[in-house]
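The values are calculated or read from the model by the stated rules, or taken from the named source; none is laboratory data. Please read all numbers here as calculations on a predicted model, not as lab measurements. Glycine also receives a Cβ, built like all others from the backbone with ideal geometry; neighbour counts cover every protein chain displayed. Side chains are part of the model used for accessible areas, which takes the heavy atoms of the whole protein and leaves out ligands, DNA and RNA. Shrake-Rupley method; radii C 1.70, N 1.55, O 1.52, S 1.80 Å.
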Amino acid sequence: MLELRDVTVRRGGRTILDRVSLAVAPGEHLVLTGPSGSGKSTLLKAALLFEPADEGEVLWDGRAVTAGGLAAHRARFLYIGQKPLPFDGSAAQYLDLPFTFAANRSRHADRAMQDRLMEAMGLDPALRESPYGRLSGGEQQRLTIIQGLQLERSFCLLDEVTSSLDQESLEAVVRYFAGDTARTVLAVTHNRQWLDFGFTEVVLEAGKLRRLP
């Protein structure tokens with residue numbers, strides 16, 4: 001279980017997170033909502049300790065995450081940001097990119113898995129032959145989601161991953177995560193349609209967090 005306990009983050013004289021506490025149990029599907037600039041992305045980064053807390057602590061299964069356990073902690077999570085990175089190559093090469101990194105070289109791309117995920121996200125598997133740079137922003141975003149899902153990490157931290165998608169594509173992505181009971185999901189979003197698929201809402205406003213029933 002992931003837990004943020006009384007986490008405070010201050011930057012530039014401003015308190016972004018103010019004694020925020022949140023526990024996310026295995027298998028939960030949560031959406032984090034709130035006004036722009038309220039600290040939602042900061043909360044995700046604080047969970048991974050990319051954003052150091054001024055006060056409080058981050059725990060996994062009841063134990064505080066320390067510097068020595070940081071790599072193992074981050075390896076539990078799939079973090080996907082709201083903007084795909086530039087890439088010079090084909091869509092297929094983009095999907096295979098994680099397996100070129102040292103941490104994943106013992107693994108190999110699974111074409112059948114990629115095809116299943118592409119179809120679930122509303123993409124034609126034939127798209128893999130297209131130059132990545134010529135794809136639409138929505139296509140690039142869905143490929144980025146698929147790229148990460150291949151690593152089969154059990155906890156997804158999603159930062160506005162549907163912001164560039166049309167209605168049909170958005171529903172395909174949200175439906176996929178809603179039906180993925182093997183993963184825990186914490187998704188930052190401004191789109192309330194996630195709630196229609198059974199996600200529980202957590203609101204961050206003025207640095208304070210409240211979980212809705």
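Quick notes on this one:
- Residue selected from region 182-203 under the condition of a type in the set (S, T, N, Q) and assigned to a loop (DSSP other than H, G, I, E, B), by the criterion farthest from THR42 (Cα to Cα): ASN191
- Residue check, VAL174 in a loop (DSSP other than H, G, I, E, B), among the β-branched types (Val, Ile, Thr) and under 27 Å from TRP60 (Cβ atoms): no
- Residue that is modelled with pLDDT under 95, of a type outside the set (S, T, N, Q) and under 19 Å from the mean Cα position of the chain (by Cα), where the choices are GLY68, GLY13, GLY37: GLY37
- Top-ranked residue in region 80-115 [being under 20 Å from the mean Cα position of the chain (by Cα) and of a type in the set (D, E, K, R); ranked as least open to solvent (accessible area, probe 1.4 Å)]: ASP96
- Matching residues in region 176-203 - criterion: being charged (D, E, K, R) and over 19 Å from THR33 (Cβ atoms): ASP180, ARG183
- Test: SER163 is open to solvent by 60 Å² or more (accessible area, probe 1.4 Å), more than 27 Å from SER106 (Cα to Cα) and either touching a residue at least 12 places away in the same chain (Cβ under 8 Å) or under 17 Å from the mean Cα position of the chain (by Cα) (or both): yes
- Tally of residues being part of a helix (DSSP H, G or I), open to solvent by less than 50 Å² (accessible area, probe 1.4 Å) and without any contact (Cβ under 8 Å) to a residue 40 or more places away in the chain across region 27-75: 4
- Restricting GLU139, GLU152 to those that are modelled with pLDDT under 95 and under 21 Å from ASP115 (Cβ atoms) reduces the list to GLU152.
- Qualifying residue in region 2-19 (condition: open to solvent by 50 Å² or more (accessible area, probe 1.4 Å), in contact (Cβ under 8 Å) with a residue 12 or more places away in the chain and in a loop (DSSP other than H, G, I, E, B)): no
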